[in-house]
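The values are calculated or read from the model by the stated rules, or taken from the named source; none is laboratory data. Predicted, not measured: the structure shown is a model, and the values here were computed from it. So basically every Cβ, Gly included, is an ideal-geometry build from the backbone, and we count neighbours across all protein chains shown. Surface areas here come from the heavy atoms of the whole protein model, side chains and all, with no ligands, DNA or RNA. Shrake-Rupley method; radii C 1.70, N 1.55, O 1.52, S 1.80 Å.
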Amino acid sequence: MSRQTTSVGSSCLDLWREKNDRLVRQAKNSGLTLRRQQLAQDALEGLRGLLHSLQGLPAAVPVLPLELTVTCNFIILRASLAQGFTEDQAQDIQRSLERVLETQEQQGPRLEQGLRELWDSVLRASCLLPELLSALHRLVGLQAALWLSADRLGDLALLLETLNGSQSGASKDLLLLLKTWSPPAEELDAPLTLQDAQGLKDVLLTAFAYRQGLQELITGNPDKALSSLHEAASGLCPRPVLVQVYTALGSCHRKMGNPQRALLYLVAALKEGSAWGPPLLEASRLYQQLGDTTAELESLELLVEALNVPCSSKAPQFLIEVELLLPPPDLASPLHCGTQSQTKHILASRCLQTGRAGDAAEHYLDLLALLLDSSEPRFSPPPSPPGPCMPEVFLEAAVALIQAGRAQDALTLCEELLSRTSSLLPKMSRLWEDARKGTKELPYCPLWVSATHLLQGQAWVQLGAQKVAISEFSRCLELLFRATPEEKEQGAAFNCEQGCKSDAALQQLRAAALISRGLEWVASGQDTKALQDFLLSVQMCPGNRDTYFHLLQTLKRLDRRDEATALWWRLEAQTKGSHEDALWSLPLYLESYLSWIRPSDRDAFLEEFRTSLPKSCDL
């Protein structure tokens, strides 16, 4: 070993160290400009060449501290520039561990071992190599970062247990193991490093605490998430991450029923930086939960504006930073804001649901313009999440326009939707079959086309064109009665949940169209025709109480007292029993439409009818 050191020569070692220090300074002085980025890239290539020179010689203990330092600097700079870890970095770490074992004449069979086994061997040998201790702890930090980003938490826990001298396996609490890890202080005359072991530990502690807290929050354990998130907030937490941590803490307190504390954290998040999306979205949820619709909608409007502002870039530090170790955005995360168009849809739909039809109409028109400008919409089943597909956005927009008294604009929108689906109409029989089976593409298309005619009919009602409205309702029913959901074919291809949702929407659409046409017959004094539609609607959708109400009113007008009384008793039995069939969640456009044809005086009429019954019948 001494002959190896002599061959290297102290002069070469000094030159290599000077080159390492120069390249580290060059990387640290780089920034956002293209010239500085190029300097950082040049520093990376310089470190690559220096590492190649050092590893071209037999491993020697006097040289290894510098070699391991260069390896760490190379991995840190490469991961920072690439904004992620690759298999190459794992190989760099493995090669360094093998070099350490070479100096102990243990290299032979261990070349076939995995990284974790190599680490066990190196850490056992490290007590004989105190001069390598600082460099090995830096390498441990990088290995921990790589395994954390790859979600190999079991391997990481075992590594830290070995490093901390705990072989019992008693502690599997990774957060506690990270806290227990105590890297040695860096020597003053050591080669320069981009990031020391203590800095890596602080980053790892914050990143893991945040990841753990967020996962607990996503899985529905906000009380368990609190301690981890508080740990993350108290550590080395950069401002963009602190915004997310405070937002997650706000979400925890909202779900635990502490709205005031939730609001305090969200305000703190908004004060921490320009990443306003997550706290504004969470604020809208909080205000919705509190019933403050005005504040909820204001938060969503601010969120739409915030997502339209490009994120400002900060000068890279060329370090392993907390952001580098965080998982990719999860759609289930309360911090996931989605795109500007998705947020615009949330705003529009909430305006529609809260009765602000005028605002909803404008937001929907803005949304459609945004979506149609970005790309040609695809007609596909609604994703879950993040929201409805293009045809359903059209339908919701038409509903908002009708509710806002803009029937002509709604007709124009419906014509646009029909023009986009006209090529599918010859294939309707096949599409209905696919809708029932839930197997092929476009299973919702028949419902969209039928619903479009339904909304056109309602728009014509608003414009006073009764005959045209009845024609549209009839066209809707003609399309709807081509579907026979009761005759589902058996087979592995049938998707039960999708089929049930499609059937529920189909039944409610039929009821809506029959009631709507029946109401127009009533308005034109044709109660007999109305009676037929209301009778059919009760058969088609027995769980919809509105169908019974309209039928009962018509029977009473026609002075068919016995039938009306029998129907009233059925309605009473339904009220005392299951009240109303459980339904799958309906599309928003259909829920809104059903609310229009729900009579506001239903309860008063039923009470009046009850009191008019003969005493012998009124039990």
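In this structure, is ASP373 charged (D, E, K, R), within 30 Å of GLN215 (Cα to Cα) and surrounded by fewer than 16 Cβ atoms within 10 Å (Cβ to Cβ)? Considered against the rule, which asks whether it is charged (D, E, K, R), within 30 Å of GLN215 (Cα to Cα) and surrounded by fewer than 16 Cβ atoms within 10 Å (Cβ to Cβ), ASP373 comes out as no.
Give me the helices (runs of 4 or more DSSP H) completely within region 48-129, filtered to those with at least 3 residues that are closer than 21 Å to LEU158 by Cβ and among the polar types (S, T, N, Q), ordered by residue number.
Numbers: elements: 64-82, 87-103, 115-125.
Filter on region 48-129 gives 87-103.
Considering each of LEU606, LEU571, LEU594 in turn, give the residue that is of a type in the set (A, V, I, L, M) and either modelled with pLDDT of 90 or more or part of a loop (DSSP other than H, G, I, E, B) (or both).
Numbers: LEU606 fails: either modelled with pLDDT of 90 or more or part of a loop (DSSP other than H, G, I, E, B) (or both); LEU571 fails: either modelled with pLDDT of 90 or more or part of a loop (DSSP other than H, G, I, E, B) (or both).
Result: LEU594 is the single residue among LEU606, LEU571, LEU594 that is of a type in the set (A, V, I, L, M) and either modelled with pLDDT of 90 or more or part of a loop (DSSP other than H, G, I, E, B) (or both).
Within region 89-114, being of a type in the set (Gly, Ala, Ser) and at pLDDT 90 or above holds for ALA90, SER96.
Give me a count of the residues in region 283-296 that are of a type in the set (A, V, I, L, M), open to solvent by less than 70 Å² (accessible area, probe 1.4 Å) and over 20 Å from the mean Cα position of the chain (by Cα). Explain how you work it out, then say what you get.
Let us first name the residues in region 283-296 that are of a type in the set (A, V, I, L, M), namely 283, 286, 290, 295.
When the remaining residues are screened for being open to solvent by less than 70 Å² (accessible area, probe 1.4 Å), the result is 283, 286, 295.
From the residues that got through so far, the ones that are over 20 Å from the mean Cα position of the chain (by Cα) too are 295.
Residues flagged as of a type in the set (A, V, I, L, M), open to solvent by less than 70 Å² (accessible area, probe 1.4 Å) and over 20 Å from the mean Cα position of the chain (by Cα) within region 283-296 amount to 1.
Under the condition of being basic (Lys, Arg) and open to solvent by less than 50 Å² (accessible area, probe 1.4 Å), the residues counted in region 332-370 number 2.
Residues are listed down the side, and each one gets a yes or a no for (1) at pLDDT below 95; (2) assigned to a loop (DSSP other than H, G, I, E, B); (3) in contact with a helix residue (DSSP H, G or I) (Cβ under 8 Å, 6 or more places away or on another chain); (4) among the basic types (Lys, Arg):
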| position | (1), (2), (3), (4) |
| --- | --- |
| SER429 | yes, no, no, no |
| VAL449 | yes, no, yes, no |
| TRP460 | no, no, yes, no |
| LEU479 | yes, no, yes, no |
| ASP503 | yes, no, yes, no |
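When ARG254 is tested against (1) part of a helix (DSSP H, G or I); (2) under 30 Å from GLN83 (Cα atoms); (3) within 21 Å of the chain's Cα centre (by Cα), just one condition goes unmet, and that condition is (2).
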